[in-house]
1. Quick check: residue separation of Asn273 and Lys329 times 0.36 nm, minus the Cα distance between them. What number comes out in nm?
2. For the range 389-436, what is the accessible area per residue in Å² when the probe is 1.4 Å?
3. Under a 1.4 angstrom probe, counting protein chains only, how are Arg220, Arg441 ranked by accessible area, largest first?
4. Let's test the formula: R0 of 41 Å, r as the Cβ-Cβ distance of Gln234 and Ser153. What FRET efficiency results, to the nearest 0.05?
5. For the range 223-331, what class follows from the C-alpha gyration tensor (a ≥ b ≥ c being the square roots of its eigenvalues): rounded when a/c is under 1.5, otherwise prolate if a/b is larger than b/c, else oblate?
6. Hand me the chymotrypsin sites (Phe, Trp or Tyr not before Pro) from the range 403-441 located in a DSSP loop with no more than 13 other Cβ atoms within 10 Å, in residue order please.
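The values are calculated or read from the model by the stated rules, or taken from the named source; none is laboratory data. All of these numbers come straight from a predicted model, not from anything done at the bench. Neighbour counts run over all protein chains shown; Cβ positions are idealised from the backbone, glycine included. With ligands, DNA and RNA removed, areas are computed over all heavy atoms of the protein, side chains included. Shrake-Rupley method; radii C 1.70, N 1.55, O 1.52, S 1.80 Å.
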Amino acid sequence: MDVNSPGQIPDSIGNLTQIRYLNFDFIGLFPSPILRLKQLDYLDLSRNFLFGPLPINISMLQKLTELDLSYNSLNGTMPSEVFSRPLLSSLSLRHNRFNGPFPQSLDFPHFLRNVKTLQVLDISKNKFRGQIPNWFSNIRWESLWYLNLSHNSLIGHLQQLHHHNLEYLDLNSNLLQGPLPSSICNLSTLRILDLSRNNFSNSIPSCLGSMARLTVLDLRRNNFTGRLPPLCAQSTSLSTIILNSNQFEGPVPVSLLNCTGLEVLDLGTNAINDTFPAWLGTLQELQVLILKSNLFHGPISSCQTEFCFPKVRIFDLSLNEFSGSLPAKVFGNFKAMIKLDGEDTGEIKYMEPSMTSSYSSYEVSVSLVIKGQDIELEKITTIMTTIDLSSNHFEGVIPKTLKDLGSLWLLNFSCNYLKRDIPMELGQLNMLEALDLSWNRLTGKIPQQLTRLTFLAKTSVPSHVPQPLDSEEDEDESYFFSGFTWESVIIGYGFGLIVGTIGWSLMFKAGKPKWFVEFFEGIIPQCHDLNRGPSRNEHSES
């Protein structure tokens, strides 16, 4: 029975004792008349306005096989009777306000004796706390394929896993710690593994690169150490690899060349020490490449194939030690930034989520610095095309060929050693929302073409960039503020845009007011402190 008229459920519904399927739109406490429906095997009260605790006598529904109470405001402790339905195969309590520890009556062997058919268990986004119970590691659920305990306050170590048919395992945003158990290698059917935003440590098992069906590996914001394992060494199924905000070191594993379907690679905020892995450009499906805040060094070389990085939309190499000229040839390969998907229809498209079934999916999210703020994008649109090479050691000029990237949305070359004029061709980037060329050695006038860009319309900027002093001796550190006022520099920064370079020594040499120097030092950090996101241990707040 489907009832789509929100309101109170009448007591008389309890007289319909032969009902087996019930899907209600409902407001209020859990409707106790439902407990008289002895034949009920499917109950869906999801996405309603239920509040208050679950009734203890929910055990009266002996034939219940599927129970979905997700996306409500139910609270209190979770009665163990919920788990004691002998035929229960699917339980979703996602996104409620349940709290307290797991019911201890679920310990082995009680739970094994009562529930052998559980296939789906989702208690994510509640307020559960305490140790992961013993049954988690001791029970062999041969039918369980979906397990989601994310966004709670679970603590302790992850014990050996015996859920050999799991396809989806999500423990993200808890307080779990210690090394990953070796038994994780036995989960041969696993497709999506999300252990992000915990305190796991030690190196990760090398078997994670050899799991035949694994498509998503998300270990971001933990304390993993050691070298990256040989991902895709014996499998090519991975489409999403997110390992940012750990303590990985060493080079990028060349085995990634085998990940022919890889779409997202985020290795940001680690201690990876390598030159630019140009060979990643041969991965024809790669759309997101984030290597920011590592120890990468040397020039940006281009790959030797005809089609290099053809689908890349997000290219973030910021906060490294890269040097040499800006990679004009690499930019020219970014075909996905030349033409915007959906620009003919006005439709905004998103990256397709990874699916395990019609029941569950994994949405890719990444963190980008946008107008000076570290923003986590929970969904990636195809219009979110960005190039961020800030806080490196790039020299030379800004390539005019950037004008061809007509769908570029964000461009950040700040905190480098770029010289000469700003190309007027940048004014052709009509989709540009954020441009940061600050803290370089640019000279000349700001092109009029830039003032016509929509994002500049509400921004107060000066009419010139700094002119070089006549003395060659001072060229490396001091520039004269031709056309600048102190007010315009501050306003420009406040709106997220400064074009030009400010030499700290010049502030003092020029005898500027002490109040200004102190104010400016307070709002503008050193270049290599710019754009850093929250520390890896702040994940519990996100």
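1. Working: separation 56, 0.36 × 56 = 20.16 nm, distance 2.37 nm.
Once the chain is fully extended between Asn273 and Lys329, it gains 17.8 nm.
2. Values: 1770 Å² over 48 residues.
I get 37 Å² per residue for the range 389-436.
3. Working: Arg220 5, Arg441 45 Å².
Accessible-area ranking of Arg220, Arg441, largest first: Arg441, Arg220.
4. Numbers: r = 37 Å, r/R0 = 0.89.
The pair Gln234/Ser153 has a calculated efficiency of 0.65.
5. On the way: a/c = 1.69, a/b = 1.05, b/c = 1.60.
Note, shape of the range 223-331 comes out oblate.
6. Details: sites: Trp409, Phe413, Tyr417, Trp439; in loops: Trp409, Phe413, Trp439.
In loop regions of the range 403-441 (DSSP not H, G, I, E or B), there are no sparsely surrounded chymotrypsin sites (Phe, Trp or Tyr not before Pro).
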